[in-house]
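The values are calculated or read from the model by the stated rules, or taken from the named source; none is laboratory data. Just so we're clear, the structure is a prediction, and the values are computed from it rather than from any experiment. Positions of Cβ are backbone-derived with ideal geometry, glycine not excepted, and every protein chain shown enters the neighbour counts. Accessible surface is based on the protein model in full, side chains and every heavy atom, while ligands, DNA and RNA are left aside. Shrake-Rupley method; radii C 1.70, N 1.55, O 1.52, S 1.80 Å.
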Amino acid sequence: ANTVLNWSDAWAASGNYNLTKANTAQILKTFASTGSVDGKLSLVGQFTGQSTEAAKFMDDAELTANFEIPSGKINGVDLPRAMMSSEDKSLEGYATNFDKLTGNVRVKNGRYQYRNLVLRTPNMQAQGQFEIDPNQAISGKIYANLSAKARSFQSTFDLTCLLYTSRCV
């Protein structure tokens, strides 16, 4: 990481960072996320922040990054099962394995915005965006295509849930 820090009028910092093959689960835990993703995270990003109080500096900072996780899984979310089920469209389930997950993230004022998400496996591709607000409510959309045994499935999921309930539809 490279940082420029100035404290002449107010606390101010900006810079960029690069992270390669970090344990995704540990990174999510560091940011107090209840999400569970297995894999090795690589990301490149920038940050800026300014505050009149040093103790509030991180609350006012903005972080952005492009990320990639090759060969991993999203625990607790079963996208293929939800697509193939005619009755239960809940995303809740064991896990969604992937060959690659890419996208970008922006963190500001306790809000996490995930954009340009692309998840790929040999039989499935999903795209979408979602955000998590400071109260842990999720909103967004996921568009997915799945090919399985001479059948093709297409689904759109409107994400609405609270993380502390562990139930998304």
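Worth pointing out:
- Solvent-free Debye scattering, log10 I(q)/I(0), computed from the Cα coordinates of the chain at q = 0.09, 0.13 Å⁻¹: -0.35, -0.68
- Among the listed pairs K40/K141; K21/K141; K21/K100; K29/K73; K56/K108; K40/K100, a Cα-Cα separation exceeding 20 Å is found for K40/K141; K21/K141.
- Segment N66-A12, extension gain: residue separation times 0.36 nm, minus the distance between their alpha carbons: 17.1 nm
- Calculated accessible area for the chain comes out at 61 Å² per residue, all protein chains present (probe 1.4 Å; ligands, DNA, RNA ignored).
- Summed side-chain charge close to E62 - residues other than E62 whose Cβ falls under 9 Å, Lys, Arg +1, Asp, Glu -1: +1
- Applying D = kT/(6 pi eta Rh) to the stretch 1-87, where Rh is the Kirkwood radius over alpha-carbon pairs, T corresponds to 37 °C and eta to 0.692 mPa s, the Stokes-Einstein value obtained is 213 µm²/s.
- Accessible surface of the chain [probe 1.4 Å, protein heavy atoms]: carbon and sulfur percent: 52 percent
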